Amino acid sequence: MIIAERKPIEDIRRMVEGHDRVLVLGCGTCVAVCMAGGEKEVAILASALRMAEPEKEFKEATIERQCEREFIEEVRTTSDGYDLILSLACGAGVGFTAELLEEHRVVPGLNTKSIGVAEQPGNWSERCLACGECVLDLTGAVCPIARCSKSLLNGPCGGSQDGMCEIDPKNVQCGWQIIYDRLAKLGRLDLMEENRPPKDWSAAHAGGPRRVLREDAEP
Ligand code: SF4
Ligand code: SF4
């Protein structure tokens, strides 16, 4: 899922400056799971803003996803008359809401962090950088791009010490140690011997947004 966290209230107050009627719009999927932008977080933020800015109106709404047209359309009528939408979606959701509800100014209430998982309650961490050319079949399903601090495809480097990474030996595990341990468990240490060629990053950075097209998708 997409991991995000709420912006500091001071930053949000700065964004709503000059707007009297604000729709605080949550997203019920990823950012709800990571407790940043779901219905509950919309209610908490809207209450905080009402207390801080009693002269303004803050209306609450949450849709299933801000990255899908059909759900954004659901809120089109609700958004009428509001001069600002404070979106608590990931960056993609903020942008898509602005694209479809183009008569409104839309601003982000969250900082989008990564694609990751909930390791424990209240502890989310990155697992994928969406490189566009997945190599998890060679690494025991541990992402070397996300888990190795240098995104090495052939690790570990000389900075791996006692399972920890040289960039922060107290707090950051060596991604390649994790890969090694997983492959050892799977009985596939032979994969450590393989030389993984450099990635073709041109696919990820060719310019413009990356696209996936499916001709068989329903119109
Ligand atoms: S290799 Fe890592 S960054 Fe690339 S797609 Fe797979 S999980 Fe994501
Ligand atoms: S110590 Fe491990 S995680 Fe850190 S940069 Fe080297 S291989 Fe990557």
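Over segment 98-219, calculate the relative contact order: mean separation of alpha carbon pairs under 8 Å at least 6 apart, over the residue count, as a percent. Here the relative contact order equals 17 percent. Helix 175-186 and the longest principal axis of the C-alpha atoms of the chain enclose an angle of approximately 60°. Along its first, second and third principal axes, ordered by size, segment 3-53 spans 31, 16, 15 Å in Cα coordinates.
Here's the picture: charge each Lys and Arg Cβ at +1 and each Asp and Glu Cβ at -1 in the chain, and of N154, T29, V107 the one pushed furthest to the positive end of that dipole is N154. By a straight-distance test (C-alpha under 29 Å), which lysines pair with K113 as possible cross-link partners, with residues fewer than eight away in the same chain excluded? Once the sequence-local lysines are set aside, what remains near K113 is K7, K40, K59, K150, K170, K199. Scaled to the globular estimate 2.2 N^0.38 Å, the Cα spread of the chain, given as radius of gyration, is 1.25. Note on segment 2-113: Kirkwood radius taken over Cα pairs, Stokes-Einstein applied at 4 °C and 1.567 mPa s, translational D equal to 97 µm² s⁻¹.
Helix 91-100 axis versus longest C-alpha principal axis of the chain: approximately 40°, rounded to the nearest ten.
Based on C-alpha pairs under 8 angstrom that are at least 6 apart in sequence, the chain has a relative contact order of 17 percent. Under the criterion of Cα pairs below 8 Å and six or more residues apart, the relative contact order for segment 1-130 equals 31 percent. Between I3 and K113, S114, I115, G116, the built amide H atoms are under 5 Å apart, and every one of these is 5 or more places off in sequence or on another chain.
Shape descriptor for segment 129-197: Rg over Rh equals 0.95 (Cα atoms; Rh from the Kirkwood inverse mean 1/r).
Model label sites at E5 and I167, defined 7 Å from Cα along the beta-carbon direction, differ in position by 1.7 nm.
Taken together, the values in this text are just the output of simple stated rules run on the coordinates, not laboratory data. Here the structure is a predicted model, which means the values were calculated and not measured. A quick note on method: Cβ atoms are made from the backbone with ideal geometry, for glycine too, and the neighbour counts reach across all protein chains shown.
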